[in-house]
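S.K.: Below: one structure in structure tokens.
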Amino acid sequence: MDTKTKATNPRRFWNPFGAEYGWRPQWNLLERFYIRTFGVVDLPSRLRARVVLHSIRGLPGKNFLDFGSGTGCYSFYLARKPASRVYCIDIDASRINDCQKIASQAGQKNITFLTGSGHERLQDFHSECLDMALAIEVLQCIPDLNLFLLELYRLLTPGGYFVGHVPILGYLRESERTLFDDRVINELLTQAGFEIKSITPTFGSFTCQLSEVFGWLTRSRLMVGLFFPFLMLASNFCRVASPNGNYRMFIAQKPIKTAVQS
């Protein structure tokens, strides 16, 4: 390992979720220090990540896909795992470019960055090459979701996991194609061949209230900087599962093949 990698490798010091995003070239020195200290400064994303990471903790695997990776925070988190390999896909080429620069600065060489969307991008992968796939806040925007899920099923190894987080709002927002509810989630996953392991309601009333406070603070960068650590402390009172939440976190598994009985 060269000197630069030793100095910047994010596995070697305090590393909250999204801390790697502090290496984004556009940040100034103070912004970089703040993000490296507190992690990515986006409260809704941090609350969502808390649910996702709690749910996947302990699941096996070393080859990961982060589809709709955005800022790349999940990709970089998964890349912290020893001997892991992560594929990061997003439709926004500028975000992929940012992630490539961040990985270079952070000394992470186990992430592959790709631009694309939908099932077409997945056709470039060979079958049964992934142990886990994440699709966080992106499935509702995919044009042909049935084809996408079939392709994703093909890519997962037997026993591999598909982890998603989707809105259950009762209406479609701009750019969204699929209106989710519990029935739709069950039907889409089972029709693609997955076994559903869990569906967890998330983002209950207290979580939404904290997110609204954060949204109000974003009018001033100074206010965000001052109060974000306190909001993160307050978020410890948010439950992982919120019975009346208007989002769903799900874990599905590709069935393990069994030997045919003679």
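Each value in this text was obtained by applying a stated rule to the coordinates, not by laboratory testing. Fair warning: this is a prediction, and the values are worked out from it, not measured in the lab. In this analysis, Cβ positions are derived from the backbone assuming ideal geometry, glycine residues included, and neighbour counts consider all displayed protein chains.
S.K.: Would you mind calculating the gained length between Ser94 and Thr115 on full extension (0.36 nm times residue separation, minus the Cα-Cα distance), in nm to one decimal? Each step should come with its number before you reach the end.
M.R.: On the way: separation 21, 0.36 × 21 = 7.56 nm, distance 0.93 nm.
That works out to 6.6 nm of additional length.
S.K.: What nm distance separates the two modelled labels at Ala241 and Leu179, each placed 7 Å from Cα along Cα→Cβ?
M.R.: Roughly 2.8 nm, to one decimal.
S.K.: Do any trypsin sites (Lys or Arg not before Pro) in the range 133-178 lie in a loop, going by DSSP, with at most 14 other beta-carbon atoms within 10 Å of their beta carbon, and if so which? The partial results should precede the final answer.
M.R.: On the way: sites: Arg154, Arg173, Arg177; in loops: Arg173, Arg177.
Here the sparse-neighbourhood loop sites are Arg173, Arg177.
S.K.: Moving on to the next point. Which FRET efficiency value, to the nearest 0.05, is calculated for Asn186 and Asn146 with the Förster distance at 22 angstrom and r the Cβ-Cβ distance?
M.R.: Numbers: r = 14 Å, r/R0 = 0.64.
Plugging the Cβ-Cβ distance into 1/(1 + (r/R0)^6) gives 0.95.
S.K.: Neighbour counts of other C-beta atoms within 10 Å: give me Phe33, Phe228, Phe76, Phe250 arranged from fewest to most.
M.R.: Details: Phe33 12, Phe228 19, Phe76 28, Phe250 23.
Ranking Phe33, Phe228, Phe76, Phe250 by Cβ neighbours within 10 Å, fewest first, gives Phe33, Phe228, Phe250, Phe76.
S.K.: Now, a different point. Would you grab the residues whose amide H sits under 5 Å from the one on Asn246? Only those 5+ places off in sequence or on another chain, please, with H modelled 1.01 Å from N.
M.R.: Long-range HN contacts for Asn246: Thr202.
S.K.: Kindly provide the GluC sites (Glu not before Pro) of the range 125-201 that DSSP labels as loop, not H, G, I, E or B, and whose Cβ sees at most 11 other Cβ atoms within 10 Å.
M.R.: Numbers: sites: Glu128, Glu137, Glu151, Glu174, Glu176, Glu187, Glu195; in loops: Glu128, Glu137, Glu174, Glu176.
When the GluC sites (Glu not before Pro) of the range 125-201 are filtered for loop state and at most 11 Cβ neighbours within 10 Å, Glu174 remain.
S.K.: Let me ask another. Quick one: compute a quarter of the convex hull surface over the Cα atoms of the range 179-262 and quote it in nm².
M.R.: 8.5
S.K.: In the range 34-49, whose amide N lies under 16 Å from the spot 7 Å out along Cα-to-Cβ of Leu233? List them in ranges.
M.R.: 38
S.K.: Show me, for the range 93-107, the HN-Hα J-couplings you get by feeding each phi into the Karplus relation (A = 6.51, B = -1.76, C = 1.60, θ = phi - 60°), rounded to Hz, glycine and proline as x.
M.R.: Per residue, the Karplus-derived 3J(HN,Hα) values read 5, 5, 5, 4, 4, 4, 4, 4, 5, 4, 4, 5, 5, 7, x Hz.
S.K.: Related question: Restricting attention to the range 141-181, which chymotrypsin sites (Phe, Trp or Tyr not before Pro) occupy a DSSP loop and are surrounded by at most 16 other Cβ atoms within 10 Å? Could the numbers behind the result be given before it?
M.R.: Working: sites: Phe148, Tyr153, Tyr161, Phe162, Tyr171, Phe180; in loops: Tyr171, Phe180.
Sites meeting the loop and neighbour criteria: Tyr171.
S.K.: Right, here's the next one. Projected area of the chain, taken from the Cα convex hull and averaged over every viewing direction, in nm²? Display every interim value, and only then the final one.
M.R.: Values: hull surface 62.7 nm².
The orientation-averaged projected area of the Cα hull of the chain comes to 15.7 nm².
S.K.: In whole Hz, what ³J(HN,Hα) sequence does the range 141-152 give by Karplus (6.51, -1.76, 1.60; θ = phi - 60°), x for Gly and Pro?
M.R.: Running phi through 6.51 cos²θ - 1.76 cosθ + 1.60 with θ = phi - 60° gives 9, 7, x, 10, 5, 4, 5, 4, 5, 5, 5, 5 Hz.
S.K.: List, in order, the whole-Hz ³J(HN,Hα) value for each residue of the range 78-90 obtained from phi through the Karplus relation with A = 6.51, B = -1.76, C = 1.60 and θ = phi - 60°; use x for Gly and Pro.
M.R.: Once rounded to whole Hz, the list reads 5, 6, 5, 5, x, 6, 7, 9, 10, 10, 10, 10, 8.
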